[in-house]
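Here the structure is laid out as structure tokens; the discussion comes afterwards.
The values are calculated or read from the model by the stated rules, or taken from the named source; none is laboratory data. Worth saying up front: this structure is predicted, and the values here are computed from it rather than measured. Don't worry about glycine lacking a Cβ; one is built from the backbone with ideal geometry, like all the others, and counts go over all protein chains shown.
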Amino acid sequence: MKLKRIAASLAALTAVLAACGSDSKDSSAGTTGSAAPTTAASTTAASTPETAAPTTGGSGSGDSIRLWLNGGDTPDEFVNYAITEFNKIHPDVKVNFERQQWTGIVEKLTTALSSSDSPDVVELGNTQAQAFEAAGALQDLTAKKADLGGDDLLQSLVEAGTYDGKFYGLPYYAGARVIIYRKDLFEKSGIEIPTTIDEMLAAGEKLKADNAATPNFSGIYLPGKNWFAALPHIWLAGGDIATQENGKWVGKLSSDESVKGLTQLQEFITKTSGAPKDGDDSKDYLAFCNGEVGMMPAPGWKPGQITNKDDGCPDMEANIGVFAMPGDTAGTTAPAFLGGSNLAISAKSAHQDLAYDLLKILASPGYQKQFAAQGTIPALKSLLADVSGSEGAIAQAKAALNSRFVPSSENWAAVEASNILPDMVVAISGGADVKTEAAKADAAIEEILNG
């Protein structure tokens, strides 16, 4: 019952959660169809490498375990690698792989993890994880954390996988929020990639001034409802959204540190942005295509959305640049919010030891380096330097070295559903007093998190 109650609050955020779980993808990700459990027979029936399903190992005389992965970010060849490695240890155990859709995954996991026939290893979007951890649906991995990567694991995904001081969700892969910019406009204005937050503000002001003839132009595109854009400023100043004190959640947006960060955000909006103060970032790629943007904070998959052939601008591709948002001093980065996934073992798994052996393989350098090679942020910080591919992929890897997460509470989804943070940033964008608006947000957040 607790799992169903908590998942009900997540259901209101199905689209948001799917996006968070898919933050490293391009705009078409998350639509992969759900596959039936793979068997040796179905594998041999596949006709091409593109449609071939991962093989399952074992002779069929022993146990079998089920692996659920979501969307299309884990190619079949990655799964084949994991199964092959697993069957070196357990040659008589089948791994039945099932590819799920991100859309509707909360409801599907709620049902599956409550069942006596639960899948053994499952993938969850990082903003979904706490609800299932709090509900007792996942196996406690605290004693095994060091063997799964320990301090080498991406911090923000560790936070997502941790509830009430216990570790349940293993980081799997991620995508970071970065800064997208127009290379041609930078060159025209004589601007180098900013190395500090102050340089970024100055670059945004110059871009806005140099392109004043373009209606609604933004040196830095910052629509009011894009509360994710506020987080690096808050964290860089040493602030936070909320923290636990003596068993209670305490809002921290009105702390001196957070107010400093939000005041800096307000300055950025006032001096550099021509975006709607009550708008969101859902159509920011259209503003970019319309020539109205010099820079904008965005998920790492944003260039793919900008250049999509349906309503984007493919001819803009050569002018799209990406860099990690800089910190206070040259060579540092501002804390970045990571979207991504965690892996967990179902508390109802009948094969806990086998599931853990598979989990170790999915966390291993040999497996994770495949993500780095395809330009996806791996779960291990030691492999971030190996991320290859596009300029955006490399920028995301740099940003991921310094990452943070939202408060680790099963009630966080309700905070997002209540639009507390967008409402606060919209008010600040319009010139409202930062301390007053932050205090209002703190009170609302505390009521929900402690409810």
Kindly indicate whether any position in region 264-282 is within 21 Å of GLY430 (Cα to Cα), among the small types (Gly, Ala, Ser) and in a helix (DSSP H, G or I). no
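How about region 132-147: which of its residues are touching a residue at least 60 places away in the same chain (Cβ under 8 Å) and farther than 14 Å from ALA160 by Cα? Talk me through it step by step, then tell me what you get.
Our first condition is that a residue be touching a residue at least 60 places away in the same chain (Cβ under 8 Å); within region 132-147, this holds for 132-139, 141, 144, 147.
Those that are touching a residue at least 60 places away in the same chain (Cβ under 8 Å) and farther than 14 Å from ALA160 by Cα: ALA135, GLY136, ALA137, GLN139, LYS144, ASP147.
Quick one: which of LYS302, LYS277, LYS309 is farther than 29 Å from THR162 by Cα and surrounded by 15 or more Cβ atoms within 10 Å (Cβ to Cβ)? Before you say what the answer is, go through the steps one by one.
Numbers: LYS302 fails: farther than 29 Å from THR162 by Cα; LYS309 fails: surrounded by 15 or more Cβ atoms within 10 Å (Cβ to Cβ).
Answer to the check: LYS277.
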Pick from ALA355, ALA372, ALA397: which is assigned by TED's automatic domain parsing to the domain that holds LYS94, part of a helix (DSSP H, G or I), out of contact with any helix residue (DSSP H, G or I) (no Cβ under 9 Å at 6 or more places or on another chain) and buried (at least 21 other Cβ atoms within 10 Å of the Cβ)? ALA355
Within region 375-394, considering residues that are assigned to a loop (DSSP other than H, G, I, E, B) and more than 14 Å from the chain's Cα centre (by Cα), the one surrounded by the fewest Cβ atoms within 10 Å (Cβ to Cβ): SER388
Just to be sure I understand, how many residues within region 282-299 are crowded, with 16+ Cβ neighbours inside 10 Å and either among the polar types (S, T, N, Q) or at pLDDT below 95 (or both)? 1
Go through (1) under 24 Å from the mean Cα position of the chain (by Cα); (2) more than 28 Å from LYS381 (Cα to Cα); (3) among the small types (Gly, Ala, Ser) for SER189 and report which single condition fails. (1)
If you go through region 234-261, how many residues are more than 19 Å from VAL415 (Cα to Cα), in a helix (DSSP H, G or I) and not basic (Lys, Arg)? 5
Collect the residues in region 283-324 that are more than 26 Å from ALA174 (Cβ to Cβ) and either of a type in the set (D, E, K, R) or part of a loop (DSSP other than H, G, I, E, B) (or both), keeping them in residue-number order. ASN290, GLY291, GLU292, LYS309, ASP310, ASP311, CYS313, ASP315
For GLY238, all conditions in the list (1) within 24 Å of the chain's Cα centre (by Cα); (2) surrounded by 24 or more Cβ atoms within 10 Å (Cβ to Cβ) hold save one; what is the number of the exception? (2)
With criteria (1) assigned to a loop (DSSP other than H, G, I, E, B); (2) touching a residue at least 24 places away in the same chain (Cβ under 8 Å); (3) of a type in the set (Asp, Glu), GLU205 comes up short on (1)
Mind counting the residues in region 398-417 that are touching a residue at least 40 places away in the same chain (Cβ under 8 Å), over 16 Å from ASP151 (Cα atoms) and of a type outside the set (Phe, Trp, Tyr)? 12
Single unsatisfied condition, PRO365 versus (1) at pLDDT 95 or above; (2) touching a helix residue (DSSP H, G or I) at 6+ places or on another chain (Cβ under 6 Å): (2)
Meets criteria (part of a loop (DSSP other than H, G, I, E, B) and in contact with a Pro (Cβ under 6 Å, 6 or more places away or on another chain)) for PRO215: no
